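Q: Take this structure first; my questions come after.
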Amino acid sequence: METIFTTDHEGHADTFELIDGQMLPGFEMPRRAQIVIDRVRAVALGPISAPEPLGGAEAAKRVHAPAYVDFLATIHDRWRAHYGDRQALAFTFPCRNLHQKVPESLAGQLGYYAFDAGAPIVAGTFKAAVAAVDTALTGTQRIEGGATSVFSLCRPPGHHATADQAGGYCYLNNAAIAAETFARAGRRVAILDVDYHHGNGTQAIFYDRPDVLVVSLHGHPLDEYPYFAGYEDERGAGAGEGFNLNLPMRWGAAWDRYAEALETGCRRIAAFGADVLVVSLGLDTYKEDPISHFRLEHQDYLRMGERIAALRLPTHFVMEGGYAVEALGINTVNVLTAFQGA
Ligand code: OKP
Ligand code: ZN
């Protein structure tokens, strides 16, 4: 399996995030991608290629509001002119049910274009986010060219990003952009999101559409971030009703329970008749993950890769979360090697 990767993510670094009321160094750090690419090399998963320059900033507008992408492109320069070279972070959000104008101020725009204070923006954030989109678009091209699988090693992750809001370490929704690109090429696309957190951005982007199936396995919103989405009764809207499947699990889920949900999700994908699969590959379901509460073990990721392979679909793996950094390479590449060997 080919891996698409660039070091352009490295400028998205030295972030701080609010954890339980304290500002702490961000869990979503450059070393995550480094340890995964190291493991890809160590097991000789396959060739490693740089992304093609596919115009990720413009292509992102296939799923994102143009004004949101333009905001991301310019916000840190504007921020830096006032506050110096430190991170910009949303901290005030629109009130429910009030008419929302796009503010002119930095703080107002940061809040308008975010749903939480979990997506810090530093000088290198936009370059990294666009490189991640180019990575996912290059992966998509490989599948369109006939590859049966590809691994897009994107960083930062994307699945929380909505059409016009950053949040949860996410800015541009790499997997959604890949899926939309497949859909525009006439493919019948399913997205399987196995990240520990509900992919609220991906869900929202495709919620009213019957042509892209979204299946997500995640920590139950009663327990877990993003708290306001991910319930089982969110099944899609209008023409999209029945084309969103949420499979939430309460804290403590281990492989036995997880495997049942994965089986349900995979059967739905087969019934949908997908001809291409995008996997939002988050590894924060691991038992040692510092911000998560499932109990998967190294070898469970082999079973995950085998089950996904049994769908017999061209499969585009797109990197999402996973914060037990020292284990992240093994867990990620276990999914991929088992898929490849199946
Ligand atoms: C991004 B991805 C934990 C706070 C959680 C946000 C987590 C974002 C995860 N106390 N903060 O889905 O891996
Ligand atoms: Zn996650």
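The values are calculated or read from the model by the stated rules, or taken from the named source; none is laboratory data. Just so we're clear, the structure is a prediction, and the values are computed from it rather than from any experiment. Cβ: placed from backbone, ideal geometry, glycine included. Neighbour counts: every protein chain shown.
Q: Would you point out the residue of the stretch 319-333, among those that are aliphatic (A, V, I, L, M) and within 13 Å of ligand 1 (Cβ to nearest atom), that is surrounded by the fewest Cβ atoms within 10 Å (Cβ to Cβ)?
A: Val325
Q: OK, next. Keeping to the stretch 256-285, report how many residues are within 23 Å of Asn173 (Cβ to Cβ) and hydroxyl-bearing (Ser, Thr, Tyr).
A: So the answer is 2.
Q: Specify which of the listed residues (Pro103, Pro94, Pro157) is within 16 Å of ligand 1 (Cβ to nearest atom), outside any helix (DSSP H, G or I) and touching a Phe, Trp or Tyr at 6+ places or on another chain (Cβ under 9 Å).
A: Testing whether each residue is within 16 Å of ligand 1 (Cβ to nearest atom), outside any helix (DSSP H, G or I) and touching a Phe, Trp or Tyr at 6+ places or on another chain (Cβ under 9 Å) leaves just Pro157.
Q: For the condition touching a Gly at 6+ places or on another chain (Cβ under 9 Å), at pLDDT 95 or above and surrounded by fewer than 24 Cβ atoms within 10 Å (Cβ to Cβ), what is the one hit in Arg187, Arg209?
A: Arg209
Q: Look through the stretch 141-167, keep the residues that are buried (at least 24 other Cβ atoms within 10 Å of the Cβ) and of a type in the set (Gly, Ala, Ser), and return whichever of them is nearest to Ile75 (Cα to Cα).
A: Ala166
Q: Quick one: which of Ala60, Ala73, Ala33 is touching a residue at least 24 places away in the same chain (Cβ under 8 Å), within 16 Å of ligand 2 (Cβ to nearest atom), surrounded by 12 or more Cβ atoms within 10 Å (Cβ to Cβ) and in a helix (DSSP H, G or I)? Break it down into steps so the answer makes sense when it comes.
A: On the way: Ala60 fails: within 16 Å of ligand 2 (Cβ to nearest atom); Ala73 fails: within 16 Å of ligand 2 (Cβ to nearest atom).
One residue alone meets the criteria, Ala33.
Q: Only one of Leu302, Leu336 is part of a helix (DSSP H, G or I), more than 16 Å from ligand 2 (Cβ to nearest atom), touching a residue at least 12 places away in the same chain (Cβ under 8 Å) and buried (at least 20 other Cβ atoms within 10 Å of the Cβ); which?
A: On inspection, the qualifying residue turns out to be Leu336.
Q: Which numbered condition in (1) in a helix (DSSP H, G or I); (2) within 16 Å of ligand 1 (Cβ to nearest atom); (3) without any contact (Cβ under 8 Å) to a residue 60 or more places away in the chain is the only one that Arg78 fails?
A: Failed condition: (2).
Q: For the stretch 244-278, which positions are assigned to a loop (DSSP other than H, G, I, E, B) and of a type in the set (A, V, I, L, M, F, W, C)?
A: Across the stretch 244-278, the qualifying residues are Trp251, Ala253, Ala254, Ala274.
Q: Tally the residues that are farther than 12 Å from His159 by Cα, assigned to a loop (DSSP other than H, G, I, E, B) and either within 11 Å of ligand 1 (Cβ to nearest atom) or in contact (Cβ under 8 Å) with a residue 24 or more places away in the chain (or both), restricting the search to the stretch 171-218.
A: Here the count works out to 8.
Q: Hey, another quick one. Go through the stretch 305-333 residue by residue and tally those that are within 16 Å of ligand 2 (Cβ to nearest atom) and over 18 Å from the mean Cα position of the chain (by Cα).
A: 1
Q: Considering only residues that are within 16 Å of ligand 2 (Cβ to nearest atom), in a loop (DSSP other than H, G, I, E, B) and not hydroxyl-bearing (Ser, Thr, Tyr), which ones fall in the stretch 160-170? Give the derivation first.
A: Start the filter on the stretch 160-170 by keeping residues that are within 16 Å of ligand 2 (Cβ to nearest atom), which leaves 160-162, 166-170.
Next, from what is left, pick out any that are in a loop (DSSP other than H, G, I, E, B): 160-162, 168-169.
Correct list: His160, Ala161, Gly168.
Q: So, one more: Within the stretch 121-133, is there a residue that is among the β-branched types (Val, Ile, Thr), in contact with a strand residue (DSSP E or B) (Cβ under 6 Å, 6 or more places away or on another chain) and under 21 Å from Leu281 (Cβ atoms)?
A: Restricting attention to the stretch 121-133, the residues satisfying the condition of being among the β-branched types (Val, Ile, Thr) are 121-122, 125, 130, 133.
Restricting the remaining residues to those that are in contact with a strand residue (DSSP E or B) (Cβ under 6 Å, 6 or more places away or on another chain) gives 121.
Next cut, under 21 Å from Leu281 (Cβ atoms) only: none.
No, the stretch 121-133 contains no residue that is among the β-branched types (Val, Ile, Thr), in contact with a strand residue (DSSP E or B) (Cβ under 6 Å, 6 or more places away or on another chain) and under 21 Å from Leu281 (Cβ atoms).
Q: Out of the stretch 219-236, which residues are within 12 Å of ligand 2 (Cβ to nearest atom) and either assigned to a loop (DSSP other than H, G, I, E, B) or touching a helix residue (DSSP H, G or I) at 6+ places or on another chain (Cβ under 9 Å) (or both)? Before the answer, list the steps.
A: Let us first name the residues in the stretch 219-236 that are within 12 Å of ligand 2 (Cβ to nearest atom), namely 219, 224-226, 230.
Of everything in the stretch 219-236, those that are within 12 Å of ligand 2 (Cβ to nearest atom) and either assigned to a loop (DSSP other than H, G, I, E, B) or touching a helix residue (DSSP H, G or I) at 6+ places or on another chain (Cβ under 9 Å) (or both) turn out to be Glu224, Tyr225, Pro226, Gly230.
Q: Still on this structure: Within the stretch 190-206, which residues are of a type in the set (Gly, Ala, Ser) and surrounded by 24 or more Cβ atoms within 10 Å (Cβ to Cβ)?
A: Step one: of the stretch 190-206, the residues of a type in the set (Gly, Ala, Ser) are 190, 199, 201, 204.
Once the filter is applied, which keeps residues that are of a type in the set (Gly, Ala, Ser) and surrounded by 24 or more Cβ atoms within 10 Å (Cβ to Cβ), the stretch 190-206 yields Ala190, Gly199, Gly201.
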